[in-house]
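The structure under discussion appears below in the form of structure tokens.
Coordinate-derived values only; no laboratory data. Here the structure is a predicted model, which is why all the values come from computation and not from measurement. Note that we place each Cβ from the backbone using ideal geometry, even for glycine, and neighbour counts take in every protein chain shown.
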Amino acid sequence: MSKKAFEQASAGGVHLIAQVKANQPTLHQAVAVLCETAAPLDSAHTADKSRRSRDEVRLVEVFAPGDSLADTEWAGHVRAIIRVNRNVLTRSAATGLWRAYSETALFISDIVLPAAVCAKVIRDHWSIENRSHYVRDGSFAEDASRIRCNPGIFARLRSFATNILRFNDVLNVTDARHRIAFGGVEAILAIRVMN
């Protein structure tokens, strides 16, 4: 997210939590250094256990930026820095073995919130990612699409198709899409339409 977009959203009464990635090297470095050297204002632990062969434990910490961003264009706009440390165990269905890995994600916010609230907001974003973007890519190969002229129109069509299937209680969009493609009109008519 650009600084200008961040400022416009903040001015409109909408508060933001935006992930800081390596494509913003100055900001990323300043935020990472602050999180390593300062004490957090608040912290919270969350966990997801036994969810599709995946256990995840998160530590969410909220930091005050202080003067760490004074030399960046973000000075005065960031009120809180959020660090999320994830420890994940995933189980391989083929071998039954568990694999452990850790990752750290950094976020900035224009409002200071309790760590538990930050954890919920960040986690809720992933539900959108999983229900929409992941399904559109997995079921409709959206990331492999070579459409360059008005790709947003086709993204909306994919979302529209997914929503129609979900409205009709389809649990597996990929499977339903293949059944409809191979089954023709009869397969479309076999999908239960709710009133």
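Computed from point charges on the beta carbon alone (+1 for Lys and Arg, -1 for Asp and Glu), the dipole magnitude for the range 3-113 about its Cα centre is near 680 Debye. Placing dummy labels 7 Å off each Cα toward the beta-carbon, the span from R52 to W98 is 2.0 nm.
For the range 99-183, state which trypsin sites (Lys or Arg not before Pro) are in a DSSP loop and have at most 11 other beta carbons lying within 10 Å of their beta carbon.
Of the trypsin sites (Lys or Arg not before Pro), the ones in loops of the range 99-183 whose Cβ has at most 11 other Cβ atoms within 10 Å are R146, R148.
Working from Cα pairs under 8 Å separated by at least six residues, relative contact order for the range 3-113 is 29 percent. A dipole drawn for the chain from +1 and -1 charges on Cβ atoms has a positive end, and of W98, I147, H45 the residue lying farthest that way is I147. Net charge of the neighbourhood of A64, taken over other residues with C-beta under 15 Å away and scored Lys/Arg +1, Asp/Glu -1, is -3. With K and R counted +1 and D and E -1, the other residues having a Cβ less than 13 Å from that of S102 yield a net charge of +1. Using the Cβ of F154 as centre and a radius below 12 Å, the other residues enclosed give a net charge of +4, where K and R count +1 and D and E count -1. For the range 37-195, a simple Cβ point-charge model (Lys and Arg +1, Asp and Glu -1, everything else neutral) yields a dipole of about 740 debye relative to the Cα centre. Scoring 61-68, 15-22 by mean Cβ neighbours within 10 Å over their residues and listing the highest first yields 61-68, 15-22. The computed mean projected area of the Cα convex hull in nm² for the structure shown corresponds, within [x] 9.9; [y] 15.6; [z] 11.4, to [y]. In this structure, the amide hydrogen of L113, modeled 1.01 Å from its nitrogen in the peptide plane, lies closer than 5 angstrom to no residue at least 5 positions away or on a different chain.
Look at the dipole of the chain built from charges on Cβ: of L171, V57, L69, the Cα furthest out on the positive end belongs to L171.
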